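Engineer: There's a structure below that I have some questions on.
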C-alpha cells in the first residue's frame, strides 16, 4: 500500500494539497483493507473507509470507489464533478480532469468503460457504457464517448468522432 501511495504522491507533483492525491489515498486504503484478516478486524476499517470516502467525496467532488482497478501513475488533475463507476478499469499512466464521468450507459447493463494505458481524458468528458478505450488515446474536453476508441486515436465532440492521432 505504501509503495502505491508514494508513487501517487510523486505523480501528483509531491503536492500534499492535491485533492486528487487525497482521493487516491483513501482509494488505496480501501483496497488495502480487503486483505485484512480476520473479518472482525476488517469491519471497523471498512467503516472508517466509508467515512473517509464520503468526506473526500464531499470536500473534493471526486467519487473513486475502491472496487475500480487503477494502474500505476494514475492522476486526477483537477477536482470537482468526477464520477467513476465501480465497474470501470484504468490502465497505467491515465489522467482525468474535472467534470469527467466514467460510468454506465444504462443501469440495467452494469458495464463501464475499460481504459488502456496512457489515456488522457479532458475536462467534462463523458465515457459511458461497455466500451474499450485503447492505449495512447486522448479524449477531448466535453466529448461524449459511447463507442470503442482504438489505440493511438483521439475522440472529440458530441457524440465523439474518432480520429487518428498525429504524433
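The values are calculated or read from the model by the stated rules, or taken from the named source; none is laboratory data. Everything quoted here is computed from the prediction, not taken from an experiment. All Cβ positions, even for glycine, are placed from backbone atoms using ideal geometry, and neighbour counts span all protein chains on display.
Engineer: Which residue is farthest from the chain's Cα centre (by Cα), if the candidates are limited to the stretch 21-50 and must be loosely packed, with under 11 Cβ neighbours inside 10 Å and outside any helix (DSSP H, G or I)?
Structural biologist: Applying the filter and picking the extreme gives 38.
Engineer: Just for the stretch 120-135: of the residues that are touching a strand residue (DSSP E or B) at 6+ places or on another chain (Cβ under 8 Å) and farther than 15 Å from residue 147 by Cβ, which one is surrounded by the fewest Cβ atoms within 10 Å (Cβ to Cβ)?
Structural biologist: So, considering only residues that are touching a strand residue (DSSP E or B) at 6+ places or on another chain (Cβ under 8 Å) and farther than 15 Å from residue 147 by Cβ, the one surrounded by the fewest Cβ atoms within 10 Å (Cβ to Cβ) is 120.
Engineer: Quick one: in the stretch 92-119, which of the residues that are under 10 Å from the mean Cα position of the chain (by Cα) and assigned to a loop (DSSP other than H, G, I, E, B) is nearest to residue 150 (Cα to Cα)?
Structural biologist: 94
Engineer: Among (1) out of contact with any strand residue (DSSP E or B) (no Cβ under 9 Å at 6 or more places or on another chain); (2) more than 24 Å from residue 29 (Cα to Cα); (3) buried (at least 18 other Cβ atoms within 10 Å of the Cβ), there is one condition residue 109 misses while meeting the rest; what is its number?
Structural biologist: (3)
Engineer: Taking the conditions exactly as written (at positive phi and either touching a strand residue (DSSP E or B) at 6+ places or on another chain (Cβ under 8 Å) or at pLDDT 95 or above (or both)), does residue 20 satisfy them or not?
Structural biologist: On the way: at positive phi: no; either touching a strand residue (DSSP E or B) at 6+ places or on another chain (Cβ under 8 Å) or at pLDDT 95 or above (or both): yes.
Judged against the criteria, residue 20 is not a match.
Engineer: Right, next: Are any residues in the stretch 136-161 surrounded by fewer than 17 Cβ atoms within 10 Å (Cβ to Cβ), farther than 20 Å from residue 87 by Cα and in contact with a strand residue (DSSP E or B) (Cβ under 6 Å, 6 or more places away or on another chain), and if so, which ones?
Structural biologist: 158, 159 - these are the residues of the stretch 136-161 that are surrounded by fewer than 17 Cβ atoms within 10 Å (Cβ to Cβ), farther than 20 Å from residue 87 by Cα and in contact with a strand residue (DSSP E or B) (Cβ under 6 Å, 6 or more places away or on another chain).
Engineer: Looking for something at positive phi and free of Cβ contacts under 8 Å to residues at least 40 places away in the same chain - is there at least one such residue anywhere in the stretch 23-44?
Structural biologist: no
Engineer: Sort out which residues of the stretch 57-79 are over 19 Å from residue 2 (Cα atoms) and either out of contact with any helix residue (DSSP H, G or I) (no Cβ under 7 Å at 6 or more places or on another chain) or in contact (Cβ under 8 Å) with a residue 24 or more places away in the chain (or both), and write them in order of number. Before you say what the answer is, go through the steps one by one.
Structural biologist: Initially, the stretch 57-79 is screened for residues over 19 Å from residue 2 (Cα atoms), giving 57-63, 77-79.
Listed by number, the residues that qualify are 57, 58, 59, 60, 61, 62, 77, 78, 79.
Engineer: Conditions first: (1) in contact (Cβ under 8 Å) with a residue 24 or more places away in the chain; (2) in contact with a helix residue (DSSP H, G or I) (Cβ under 6 Å, 6 or more places away or on another chain); (3) surrounded by 17 or more Cβ atoms within 10 Å (Cβ to Cβ). Residue 87 passes all but one, so which condition is the exception?
Structural biologist: (2)
Engineer: Looking at residue 85, is it closer than 27 Å to residue 17 by Cα and modelled with pLDDT under 95?
Structural biologist: Spelling it out, it is not the case that residue 85 is closer than 27 Å to residue 17 by Cα and modelled with pLDDT under 95.
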